[in-house]
Amino acid sequence: MQRISSVLLLSFLVVTVVLTALVPAAVADAAACTIAVYGTVFYDQDGDNAQSLSEQGLSGIGINLYKDTDGDGRLTPADPWVARTSSDEQGNYLFLAGPGAGYHVALNLPPGYEPTDGLHRFVRTPGCEMYGVQADPFGLAAHVLRQRLWLPRQSR
C-alpha cells in the first residue's frame with residue numbers, strides 16, 4: 001500500500017512540474033501584476049477643476065485608455081488604443097494596465113459640456129510594488145453660449 005501511494009505521489013509531482021513548465025512565464029507574471037488606473041469625471045460648477053462636496057460625478061461618460069508606446073508623454077495617432085469604459089453612477093472609472101508604462105486616459109466629450117482642464121491625462125504606472133495610480137480628475141462644465149456685447153461707438 002505504501003508503494004502504491006509513493007508511486008501516486010511521484011506521478012502527481014511529475015505531472016505538476018510538467019504542467020507548470022508549460023505555462024509561459026510572461027503570462028504568469030502579467031496575471032500576477034496588473035495596475036489599476038482610475039479617476040473621476042464630475043460636473044465642475046465653479047470651473048476650478050477640483051471636485052467639491054456639492055459637485056456630483058457624471059455617469060455614462062466614455063473614457064479610453066491608450067498606451068504611450070513612443071514614451072513622449074503626448075497622445076498621438078501612434079499610441080495604440082488599449083481599452084474603453086464608461087464612468088459609473090458616481091463618475092468613477094477603472095482600467096487595468098501593465099506595470100512600468102505610460103498611459104493616456106482620454107475623455108469622450110459629451111454634447112453640451114466643455115472641459116475645465118483638458119480632455120486627457122497622462123499617467124505612468126508603477127512597478128508591481130504598487131497596485132494603482134490615480135489620474136487627475138476630469139472637470140466638465142455646461143457649455144454656455146457666449147453673447148457679444150455691442151457698445152455704441154464713442155464720438156470723438
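How many residues are touching a residue at least 60 places away in the same chain (Cβ under 8 Å) and of a type in the set (Lys, Arg) if we restrict to region 61-101?
Total satisfying the criteria: 0.
Please determine whether any residue of region 46-64 is surrounded by 14 or more Cβ atoms within 10 Å (Cβ to Cβ), within 27 Å of CYS128 (Cα to Cα) and in the same structural domain as PRO137 (by TED's automatic domain parsing).
Yes, because at least one residue in region 46-64 is surrounded by 14 or more Cβ atoms within 10 Å (Cβ to Cβ), within 27 Å of CYS128 (Cα to Cα) and in the same structural domain as PRO137 (by TED's automatic domain parsing).
Quick check on ASP79: is it under 26 Å from ASP46 (Cα atoms), of a type in the set (D, E, K, R) and either in the same structural domain as PHE42 (by TED's automatic domain parsing) or within 16 Å of the chain's Cα centre (by Cα) (or both)? First the steps, then the outcome.
Numbers: under 26 Å from ASP46 (Cα atoms): no; of a type in the set (D, E, K, R): yes; either in the same structural domain as PHE42 (by TED's automatic domain parsing) or within 16 Å of the chain's Cα centre (by Cα) (or both): yes.
The answer is no for ASP79.
The values are calculated or read from the model by the stated rules, or taken from the named source; none is laboratory data. Predicted model, so just to flag it, every value in this text is computed and none were measured. All Cβ positions, even for glycine, are placed from backbone atoms using ideal geometry, and neighbour counts span all protein chains on display.
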